[in-house]
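The values are calculated or read from the model by the stated rules, or taken from the named source; none is laboratory data. In this text, all values refer to a predicted model and were calculated from it rather than measured experimentally. With ideal geometry, Cβ positions are generated from the backbone for all residues, glycine too; neighbour counts draw on all protein chains shown.
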């Protein structure tokens, strides 16, 4: 009985967690085990929590504009810790122009405002065995 | 096994992967546990339970920090319920523990109940053993005190702490909840709230009525976990209980009983799975059900027949 585990986290100095909570709830309702870790986290805290809970997915939410720095940092730290197969996805108010750069840095998918939560579920189901 | 060697050499990744193997019942789980077993039995296990919202996670976070101050390493198994509707879960205990993430001497694992019948306590127990083998001095299991399986988990601890808060109803609520009986110590959290004195008296009175507390009277501590108040006293009480268990020889008895319970649960589990596979999920059994429904045969002799075959 292997359930998909998803860590939902908000890196950086951003307290707007409504979106992250909506996503957490939607993922739970899709049958995933969601580890909700809250706001104002460092990439190090997020990567370490991902390691300890051995999650398959890290879902990052950020609305402060620091995504180009913090999202890739999380990916880098996960790799450093030996977590090479973790799917990292991101969401928030992220300009279209930044998305190719984030994808190149290892963020598998970026979800911007207006995305139905079912899209996120589909993305996880398609990418996690 | 490589993963076991790595775990014993303090690889956090190996510890995490080993817990996953146990949790998901991967093929190598039994082999991991077999190899790990000789390295277990050294950690002191603390169970923390109480109603939702009592502050168990916050208290666990603060207790972990206090134990770190006292030079101990700490493993935490935090259990949250799985939704019976979707099979999903929101594991939110870790949110109170995020600043423990920077400390190499702490390892936190979230577990969902996954609705498994009794299987949860075995899996949580295995997670404790893995943390024990990794070298954690103190292991805290934290879970909501509702439901038999959750209570079973904390009952396996060396010291069980029940967390309560004022304003949850009258003393009858406390009695019927059934979790107060299992406390070796009590913590009234959010003790700056109205009703703390009254709750304290109610617990005292309940303890008066319980004849089992010979030699050890469960202390009642007051905390405001969010502000870190009263935490040292709680750890002192846990340590006092530990000293009592060691001096009285009861720690030995508790641990013997734990092994007995564990093996019993493993046997039951194995037998249940066997019956499910070899009896329940067969065409023969479906045919019997049809015959019972039409009253051609009755279930009592069916059970006798099956048990006779299974336990031949």
#### Entry: Enumeration of residues in segment A:1-16 that are assigned to a loop (DSSP other than H, G, I, E, B), farther than 24 Å from residue B:21 by Cα and in contact with a helix residue (DSSP H, G or I) (Cβ under 7 Å, 6 or more places away or on another chain)
A:10, A:12
### Task
Exactly one condition in (1) without any contact (Cβ under 8 Å) to a residue 60 or more places away in the chain; (2) under 28 Å from residue B:6 (Cβ atoms) is not met by residue A:110; state its number.
(2)
### Query
Just one of A:48, A:76 is more than 9 Å from chain B (Cβ to nearest Cβ), at pLDDT 95 or above and on the phi < 0 side of the Ramachandran plot; which is it?
A:76
### Message
Within segment B:88-122, take every residue that is more than 10 Å from chain A (Cβ to nearest Cβ) and in contact with a helix residue (DSSP H, G or I) (Cβ under 7 Å, 6 or more places away or on another chain) and give me the one that is surrounded by the fewest Cβ atoms within 10 Å (Cβ to Cβ).
### Response
B:118
### Message
Conditions first: (1) outside the structural domain of residue B:69 (by TED's automatic domain parsing); (2) free of Cβ contacts under 8 Å to residues at least 12 places away in the same chain; (3) within 28 Å of residue B:161 (Cβ to Cβ). Residue B:255 passes all but one, so which condition is the exception?
### Response
(2)
### Task
Select from segment A:17-27 the residues that are out of contact with any helix residue (DSSP H, G or I) (no Cβ under 8 Å at 6 or more places or on another chain) and more than 8 Å from every other protein chain (Cβ to nearest Cβ) and list them in ascending order.
A:17, A:18, A:19, A:20, A:21
### Query
Cβ-Cβ below 9 Å, separation at least six or inter-chain, first residue in segment B:40-61 and on the phi > 0 side of the Ramachandran plot, second at pLDDT below 90 and part of a helix (DSSP H, G or I): which pairs?
B:55/B:96
### Message
Can you report the number of residues in segment B:17-43 which are under 30 Å from residue B:239 (Cα atoms) and surrounded by fewer than 21 Cβ atoms within 10 Å (Cβ to Cβ)?
### Response
7
### Summary
Of the residues in segment A:28-42, those that are surrounded by fewer than 20 Cβ atoms within 10 Å (Cβ to Cβ), at the interface with chain B (Cβ under 7 Å from one of its Cβ atoms) and either farther than 15 Å from residue A:56 by Cα or in contact with a helix residue (DSSP H, G or I) (Cβ under 7 Å, 6 or more places away or on another chain) (or both) come to A:29, A:38
### Message
Among the residues that make up segment B:66-79, is at least one of them farther than 25 Å from residue B:241 by Cα and either within 11 Å of chain A (Cβ to nearest Cβ) or buried (at least 18 other Cβ atoms within 10 Å of the Cβ) (or both)?
### Response
no
### Message
Out of the helices (runs of 4 or more DSSP H) lying entirely within segment B:1-105, which hold 3 or more residues that are assigned by TED's automatic domain parsing to the domain that holds residue B:238?
### Response
B:56-69
### Query
Taking the condition at the interface with another protein chain (Cβ under 9 Å from one of its Cβ atoms) and at pLDDT 95 or above, does residue A:70 pass?
no
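Yes or no, residue by residue, for (1) in contact with a strand residue (DSSP E or B) (Cβ under 6 Å, 6 or more places away or on another chain); (2) within 14 Å of chain B (Cβ to nearest Cβ); (3) buried (at least 20 other Cβ atoms within 10 Å of the Cβ):
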site	(1), (2), (3)
A:44	no, yes, no
A:89	yes, no, yes
A:96	no, no, no
A:99	yes, no, no
A:113	no, no, no
### Query
Mind checking which residues of segment B:130-148 are part of a loop (DSSP other than H, G, I, E, B) and modelled with pLDDT of 90 or more?
B:135, B:136, B:137
